[in-house]
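Worksheet: one structure, shown below.
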Amino acid sequence: MKMELTKIKLDSNENQLEHYLDIINCIKEIDPKKYPDVTISELRRKIAISCSVKQNEIFCSNGSDILIKVITLGLLKTTDEVIIPEIAFPTYEIAAKIKECKYKKIPLKNYGIDLEATFDAITDDTKLIWISNPHNPTGTILEPEEIEEFLEKIPEHIYVVLDEAYVEFLTEKIPDTIRLYNKFKNLIVLRTFSKAYGLAGARVGYGFAREEIINSFKHVIGPFDLNSYAQALAIKIIDEKEYVKEVRAANKKAMDFYESLFKELNLDYIKSYASFVMVNAGEKADFICEKLLEENIIIKNGKHIEMENWIRISMGNQEQNLKVAKILRDILK
């Protein structure tokens, strides 16, 4: 089946809630003949206000995956070592391979990041540690006090990146990230407009770090990495707090629906705090993915992310979720 025929895409954790019309209309004011703002000044100003950090500590680019590469290439030497979770967003490892530096993968514990094992893995060569919270692809979360206790043990010459791509979906166990950022000078925070803000197609990733850290990125980040349309959309939507609240509420409703469904079907699943859920489909995982695809529904097969027999379903709208539920019931009941 050709990808362009697919009607329902529940494999990439895309936001399914429609934007307010004025958000989309803001790009009509853009003059495509002109280059984008090379300093990204207005967006950085808005992010600084929203996150309560200094504007000169904000950095942006064409999606968080680009920023992951920028951080790795900008901060590391080939003799340095990176520590990443064994099952994680693949760009952490890809960036290390591009840099040709050493990297170490730490197995998950209860499907989440094992901070104790991560700390124990530190060597004299360790320079960078990746932590995602909530964790992708499992959706697990670290307790706020766990993160702080971990950071307190990390030497200042080792950078810790806290990837919070899904943080806006949290309704509990919300980390006090800004306080941690102000406390630990070696902490770098990454966020995105792709998930809760629904700008995956615009590709807007951002982060905050100390100015001396950001200066290390200048030789690897391009001058026009964020186009005018992406900047305009992000500038507009960052003030739309009600939209994000609606997204969060819709996500929780969908998650509750799937949790009830999995209990009904006696399926083990991983409690998720993100916009997707991992469920153990056993030997029927491939069959379920194939049957859903026949109905123009794409989900993520866990075997592609080192989780054999698991499937990952992104939260869809009510109609989409009901279609998935019907197919799962037909197969498993």
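Odds and ends about this structure:
- Selection count, the stretch 281-313, where residues are more than 24 Å from residue 198 (Cβ to Cβ), touching a Gly at 6+ places or on another chain (Cβ under 9 Å) and not in a loop (DSSP other than H, G, I, E, B): 2
- Any chance residue 258 is at pLDDT 95 or above, touching a Phe, Trp or Tyr at 6+ places or on another chain (Cβ under 8 Å) and either loosely packed, with under 13 Cβ neighbours inside 10 Å or within 16 Å of residue 327 (Cα to Cα) (or both): yes
- Boolean, residue 173 is in contact with a helix residue (DSSP H, G or I) (Cβ under 8 Å, 6 or more places away or on another chain), of a type in the set (Lys, Arg) and in contact (Cβ under 8 Å) with a residue 60 or more places away in the chain: yes
- All of 151, 187, 142, 162 fail the test of being touching a helix residue (DSSP H, G or I) at 6+ places or on another chain (Cβ under 6 Å) and either in the same structural domain as residue 271 (by TED's automatic domain parsing) or without any contact (Cβ under 8 Å) to a residue 40 or more places away in the chain (or both), apart from 187.
- Residue in the stretch 25-34 that is nearest to residue 248 (Cα to Cα), counting only those that are touching a residue at least 40 places away in the same chain (Cβ under 8 Å) and surrounded by 10 or more Cβ atoms within 10 Å (Cβ to Cβ): 26
- Filter result for residue 167 (touching a Lys or Arg at 6+ places or on another chain (Cβ under 9 Å), at pLDDT 95 or above and surrounded by 21 or more Cβ atoms within 10 Å (Cβ to Cβ)): yes
- Filter result for residue 240 (among the acidic types (Asp, Glu), touching a residue at least 40 places away in the same chain (Cβ under 8 Å) and under 30 Å from residue 29 (Cβ atoms)): yes
- Test for residue 331: is it aliphatic (A, V, I, L, M) and either closer than 29 Å to residue 88 by Cβ or within 21 Å of the chain's Cα centre (by Cα) (or both): no
- Just one of the numbered conditions (1) in contact (Cβ under 8 Å) with a residue 24 or more places away in the chain; (2) in a loop (DSSP other than H, G, I, E, B); (3) within 17 Å of residue 270 (Cα to Cα) is not true of residue 316: (3).
- Enumeration of residues in the stretch 237-251 that are closer than 23 Å to residue 32 by Cβ and crowded, with 21+ Cβ neighbours inside 10 Å: 237
The values are calculated or read from the model by the stated rules, or taken from the named source; none is laboratory data. Everything numeric in this text was worked out from a predicted model, so none of it was measured. Neighbour counts are summed over all protein chains in view; Cβ atoms, including those assigned to glycine, are modelled from backbone coordinates with ideal geometry.
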